[in-house]
Amino acid sequence: MKQILSLCLMIAGLITSACHSSGSGKSKEIVSLEGQTMGTELQVQYIDSLQRDFSHELDSILIEVNNSMSTYIPNSLISIFNRMDTAGTLEVDRHFYRVLLIAKKVHRESNGAFNPALYPLIRYWGFSGGSAPDHIDSSKVDSVLKICNFDLISGTMAVSGEGDTSYYVSKQDGRAQLDFGAIAKGYGVDAVHDLLKSRGIRSLMVDIGGEVRCSGRYTDGKAWRIGIEDPVKSTINSRKATRVISLFNKAIATSGNYRNFRIVNGRKMVHTINPANGYPEMNSLLSASIVTDDCTHADAYATSCMVLGLEDAGKLISDNPQMEGMLIYGIEEGKLEYWSSPGFQEITVKD
Ligand code: ADP
Ligand code: MG
């Protein structure tokens, strides 16, 4: 039931603790794994009558994903791509290519609100390893924003005569750079989920820093129940859920602006940047939770909603039949308001 929003993203992936079957009160068949990945906590639970330990395989896949897309790893593919200072092409792996394609799709569907080419600006504002400016320089923001154009970056794939597939990413301008921080955790969840499914696990829950995907049913025969963090009452040491949802063969991702921010000249600067103006986006939304079939999409849509704000985020959710969502917003100080799509209301567990 634990939901976590991470403080930072994309540090090396390692499942630190070994596999153990859980203690009393739960079915003997449940296997629980816990660890750290992508700068946050990883929790995996699955039902396996053989009590198999997949921790090494999960470790490997997460290391692979991090070595592909973590901007915190100097020799990751994304870091190499970001250091290319002229137009050119880099061969990447399937993880990178898949995330790039989904990012392009969500970029289009969100009218550009989701933009992983914002990396130079994200660093300008002090996130993703950058240091926050001591004052706001609007002409600098404008000039950095001009190079944050996702259209300058494209992906291609090629299949050789032997049937091997290669993946490439190109930039038309050496200054264009990528940050998958708003989508890669969701992809990590999907990668772990798919690996367990390929090993014959039918009932499982994967949680990386509050991005969650579930398949099958819990030991009580019901869908997995997942808590959504309360953006006001919850603290880093004491997580409080504001709603519980019942998740069957779906993923949920929550983005919030209540934990990760910087102070610039006495002003709070949140970690969601609005590509329309280059500034941290502060609107009435405190968090956006999105339910879709896979977690990569859910993660990217959740961030899109935080940029779009209450009205347009509600429209994005309502216009997409594959998506359900809940938006928590505050108009009056200290008072939370909730908007949820009809499908989200259906899966919300009533008290
Ligand atoms: P969380 O860290 O809570 O999971 P998100 O999934 O919303 O939050 O990701 C936030 C991160 O995404 C930021 O720290 C930044 O690296 C990146 N980011 C900020 N604004 C955008 C945007 N408009 N589009 C894509 N990525 C963004
Ligand atoms: Mg996100």
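The values are calculated or read from the model by the stated rules, or taken from the named source; none is laboratory data. Quick caveat: nothing in here was measured; it's all calculated off a predicted structure. As a convention, Cβ positions derive from the backbone with ideal geometry for all residues, glycine included, and neighbour counts pool all protein chains shown. Surface accessibility is based on the protein's heavy atoms, side chains included, excluding ligands, DNA and RNA. Shrake-Rupley method; radii C 1.70, N 1.55, O 1.52, S 1.80 Å.
Of all residues being in contact with a strand residue (DSSP E or B) (Cβ under 7 Å, 6 or more places away or on another chain) and within 16 Å of ligand 2 (Cβ to nearest atom) in segment 104-126, which is farthest from GLY278 (Cα to Cα)? Just the residue, please. The selected residue is ALA117.
Against the list (1) open to solvent by 40 Å² or more (accessible area, probe 1.4 Å); (2) hydroxyl-bearing (Ser, Thr, Tyr); (3) within 14 Å of ligand 1 (Cβ to nearest atom), the condition SER138 fails is (3). Of the numbered criteria (1) part of a helix (DSSP H, G or I); (2) closer than 26 Å to ARG259 by Cα, the one PHE81 fails is (2). Taking the condition at pLDDT 95 or above, within 13 Å of ligand 1 (Cβ to nearest atom) and either over 21 Å from GLY130 (Cβ atoms) or open to solvent by 10 Å² or more (accessible area, probe 1.4 Å) (or both), does THR254 pass? Answer is yes for this residue. Within segment 292-313, the residues that satisfy the criterion of being more than 21 Å from ASN277 (Cβ to Cβ), open to solvent by 10 Å² or more (accessible area, probe 1.4 Å) and away from ligand 1 (no atom under 13 Å from the Cβ) are ASP293, ASP294. Among the residues of segment 33-52, those that are polar (S, T, N, Q) and open to solvent by 10 Å² or more (accessible area, probe 1.4 Å) comprise GLN36, GLN43, GLN45, SER49, GLN51. Filtering GLY200, GLY209, GLY129 for residues that are at positive phi and out of contact with any helix residue (DSSP H, G or I) (no Cβ under 8 Å at 6 or more places or on another chain) leaves a single hit, GLY200.
Just to be sure before I move on: is SER287 assigned to a strand (DSSP E or B) and within 16 Å of ligand 2 (Cβ to nearest atom) in the structure I sent? Quick ask: steps written out before the conclusion?
On the way: assigned to a strand (DSSP E or B): yes; within 16 Å of ligand 2 (Cβ to nearest atom): yes.
Yes; evaluated as a whole, the condition is true for this residue.
Residues considered: LEU118, LEU178. Of these, the only one that is touching a residue at least 60 places away in the same chain (Cβ under 8 Å), within 16 Å of the chain's Cα centre (by Cα) and assigned to a loop (DSSP other than H, G, I, E, B) is LEU178. Please determine, by comparing only the residues of segment 74-91 that are touching a Gly at 6+ places or on another chain (Cβ under 8 Å) and hydrophobic (A, V, I, L, M, F, W, C), which one is least open to solvent (accessible area, probe 1.4 Å). Looking at the filtered set, the residue picked out is MET84.
Against the list (1) under 23 Å from the mean Cα position of the chain (by Cα); (2) over 19 Å from ALA302 (Cβ atoms), the condition MET205 fails is (2).
Determine whether segment 235-243 contains at least one residue that is open to solvent by 10 Å² or more (accessible area, probe 1.4 Å), over 19 Å from the mean Cα position of the chain (by Cα), over 30 Å from GLU337 (Cβ atoms) and in the same structural domain as MET306 (by TED's automatic domain parsing). The answer is no, given that none of the residues of segment 235-243 is open to solvent by 10 Å² or more (accessible area, probe 1.4 Å), over 19 Å from the mean Cα position of the chain (by Cα), over 30 Å from GLU337 (Cβ atoms) and in the same structural domain as MET306 (by TED's automatic domain parsing).
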